[in-house]
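Notes for the one structure printed next.
The values are calculated or read from the model by the stated rules, or taken from the named source; none is laboratory data. Nothing here was measured: the structure is a model prediction, and the numbers come from that model. Cβ atoms come from the backbone with ideal geometry, glycine included; neighbour counts cover every protein chain shown. Only protein heavy atoms, including side chains, enter the accessible area calculation; ligands, DNA and RNA are left aside. Shrake-Rupley method; radii C 1.70, N 1.55, O 1.52, S 1.80 Å.
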Amino acid sequence: MNAEAGTEAMDCLVIDADAVSRRLAGLLLKRLGYTSAVSVGTAEEAPGSLGGLVLAGTDDRAEGIAALRSRMDPASGQSRLIAMVAAASEEARRACLRAGADAVLVKPLALQELAAALAPAAEAGDFNAEAWGELLEMFGADGAAQLAGAVIDDLPVQQQRMAAAIRDQDLPSLKRIAHALRGVSLQLGAGALAELCTQAEAAAAAGPASTATELGARLIARHEALAERLRNETARR
């Protein structure tokens, strides 16, 4: 599958036994800038060697995810495997992550959640593997997981606050949110995200409001992508 002009071409494959789910996934991907997608009902119908983006429907035991991961090209920096499950359970999510999924989404897919799941590949600078390793060394796996959990748990609150600030054009609140997220980003070594926080904070202080709110929306999307990456890292340990 090909992305829109100006982005790198990427193959995209949707695997799901349910035709409606396949159709929905294809439409959402198109909204996100992909012009076409290959859609098949089973993994057996897919090419033997996989690359690019793969969205795969699976049961709560993550059946088939590990087999798909083994067929993906590890040399491709664009390869992503996203599991689609029917049940919104922590057990199902962890099973998929352990099997090799990069992210887990609950069906029916939602545009915002799919965009966030795809964001870590495009926004790799938001996760600092070296800083994460230092946190593991300093606090141990449990301590680092607690820190990541605090970021993840705080995300819905920050999203609600940011959405309200954008809706009401409340630039002082937007400025405070961006400032707080900047501190969290720096703690995690997420330099790119911290820089975006700085830009949002400055725009909220000086205007125009349209720039500040646009940066605020991007900020929350990037924060969500980082939280998902942290979920993945802690689930593997």
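Karplus-based coupling profile of the stretch 61-70, in residue order and whole Hz: 8, 6, 4, x, 5, 4, 5, 5, 4, 5, with θ = phi - 60° in 6.51 cos²θ - 1.76 cosθ + 1.60 and x standing for Gly or Pro.
In whole percent, how big is the carbon plus sulfur part of the accessible area of the chain, probe 1.4 Å, protein atoms only? Mind showing how you got there, number by number?
Numbers: 6160 of 11770 Å².
Accessible surface attributable to carbon and sulfur in the chain totals 52 percent.
Which helices count as membrane-span-like in the chain under these terms: full DSSP H, at least 15 Å along the axis by C-alpha, Kyte-Doolittle mean of -0.5 or more? Walk me through the numbers on the way to the answer.
Numbers: long enough: 19-31 (18 Å, 0.34); 111-122 (17 Å, 1.13); 129-168 (43 Å, 0.14); 171-187 (24 Å, 0.25); 191-206 (22 Å, 0.81); 209-235 (39 Å, -0.36).
Span-like helices here: 19-31, 111-122, 129-168, 171-187, 191-206, 209-235.
Based on C-alpha pairs under 8 angstrom that are at least 6 apart in sequence, the chain has a relative contact order of 15 percent. Sorting Leu29, Leu186 on solvent-accessible area from highest to lowest, probe radius 1.4 Å, gives Leu186, Leu29. Once the Cα-Cα distance is subtracted from the 0.36 nm per residue extended length, the Arg94 to Gln112 segment shows a gain of 4.4 nm. Helix content alone sets the calculated 222 nm mean residue ellipticity of the chain: runs of n ≥ 4 DSSP H residues at -39500 (n - 2.57) each, divided across all residues, give -20000 deg cm²/dmol.
Could you rank the peptides 103-115, 223-235 by their average count of other C-beta atoms within 10 Å per residue, with the highest value first?
Numbers: 103-115: 17.6, 223-235: 21.8.
Packing proxy ranking, top to bottom: 223-235, 103-115.
A 1.4 Å probe run over the protein chains yields, for the stretch 181-224, 39 Å² of accessible area per residue, whole-number rounding. Dipole magnitude for the stretch 19-171: computed about the Cα centre from +1 point charges on Lys and Arg Cβ and -1 point charges on Asp and Glu Cβ, it is near 760 debye. Spin-label pair His179-Leu27: with each label point 7 Å from Cα along the Cα-Cβ axis, the two points sit 4.4 nm from one another.
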